[in-house]
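Below is one structure, written out as structure tokens; the observations come after it.
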Amino acid sequence: MGQPLDDAGLDTIFRTARSYNGYTDQPVTEADIKRIYDLLKMGPTSANSQPARFVWLLSQDAKDKLADLATGANPPKIRKAPATVIIATDHDYHEQLPWLFPHTDAKSWFPDLEARKVHAMRNGSLQGAYLLIAARALGFDTGPMSGIRHADVDAAFFADQPSVKSNFIATIGHGDPSTIFARSPRPEFDQFNRIV
């Protein structure tokens, strides 16, 4: 049975955590990335399908390549961040189910590509959220964003994996407080919830 986090833990992950537009010069290392992944992979996905695919960008060349394919105010954020990650989904995730979910023939549950796309988007997005939570839990800050030209990103980073499609991206680092806005409103329970 899980134990509740204390207030400091809840603040780190949710209450005082923010989406950052800029970071300090403190680097994010390959070891840091692996620590984040080793946490996020533990989050639940349907039939342990693990459809997310991640491309972690640490080199300036890689970040510049992605920034050239981003829109709006995102390019400079990507270029300056210590790390950026592309969160994508593999529509052929079912090919991995024989070892990811060995209890039964789960691969046979997903013969239809259109249904797999829906499943991959749902569970891959969950894994993207786990990434944000894992990074925060390890003391990093994040800046998730969706402003990219998806077809171009797919061609640039997944040309050899046609079943993999980009979903969203996130910058990672140690946040610079001067780059955030005042917190936007959050709805009270009764506004968007019902108990039946």
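Bear in mind these aren't lab numbers, they're just calculated from the coordinates by the rules spelled out. Predicted model, so just to flag it, every value in this text is computed and none were measured. Positions of Cβ are backbone-derived with ideal geometry, glycine not excepted, and every protein chain shown enters the neighbour counts.
Pairs meeting the criteria (first residue in segment 90-106 and assigned to a loop (DSSP other than H, G, I, E, B), second residue not charged (D, E, K, R), beta carbons under 7 Å, at least 6 apart or on different chains) are His91/Leu113; His91/Ala120; His91/Ser163; Asp92/Ser163; Phe101/Ala47; Phe101/Asn48. Inspect segment 187-194 for any residue being surrounded by fewer than 20 Cβ atoms within 10 Å (Cβ to Cβ) and touching a residue at least 60 places away in the same chain (Cβ under 8 Å) and give the result as yes or no. No, every residue in segment 187-194 fails to be surrounded by fewer than 20 Cβ atoms within 10 Å (Cβ to Cβ) and touching a residue at least 60 places away in the same chain (Cβ under 8 Å). For segment 107-124, taking the residues that are in contact with a strand residue (DSSP E or B) (Cβ under 8 Å, 6 or more places away or on another chain) and in contact (Cβ under 8 Å) with a residue 60 or more places away in the chain, the one that is farthest from Asp32 (Cα to Cα) is identified as Ala120. Scan segment 52-73 and report the pairs whose first residue is closer than 16 Å to Lys34 by Cβ and whose second residue is among the β-branched types (Val, Ile, Thr) and assigned to a loop (DSSP other than H, G, I, E, B), with Cβ atoms within less than 9 Å and a gap of 6+ or a chain change. Close Cβ pairs (under 9 Å, with a partner that is among the β-branched types (Val, Ile, Thr) and assigned to a loop (DSSP other than H, G, I, E, B)) amount to Ala52/Thr45; Trp56/Val28; Leu58/Val28; Leu58/Thr29.
Does Ala156 qualify as being touching a helix residue (DSSP H, G or I) at 6+ places or on another chain (Cβ under 9 Å) and either under 17 Å from Gly72 (Cβ atoms) or not in a loop (DSSP other than H, G, I, E, B) (or both)?
Numbers: touching a helix residue (DSSP H, G or I) at 6+ places or on another chain (Cβ under 9 Å): yes; either under 17 Å from Gly72 (Cβ atoms) or not in a loop (DSSP other than H, G, I, E, B) (or both): yes.
When the stated conditions are applied, Ala156 passes them.
Exactly one residue out of Ile78, Ile87 is closer than 24 Å to Arg136 by Cα, under 21 Å from the mean Cα position of the chain (by Cα) and assigned to a helix (DSSP H, G or I): that is Ile78.
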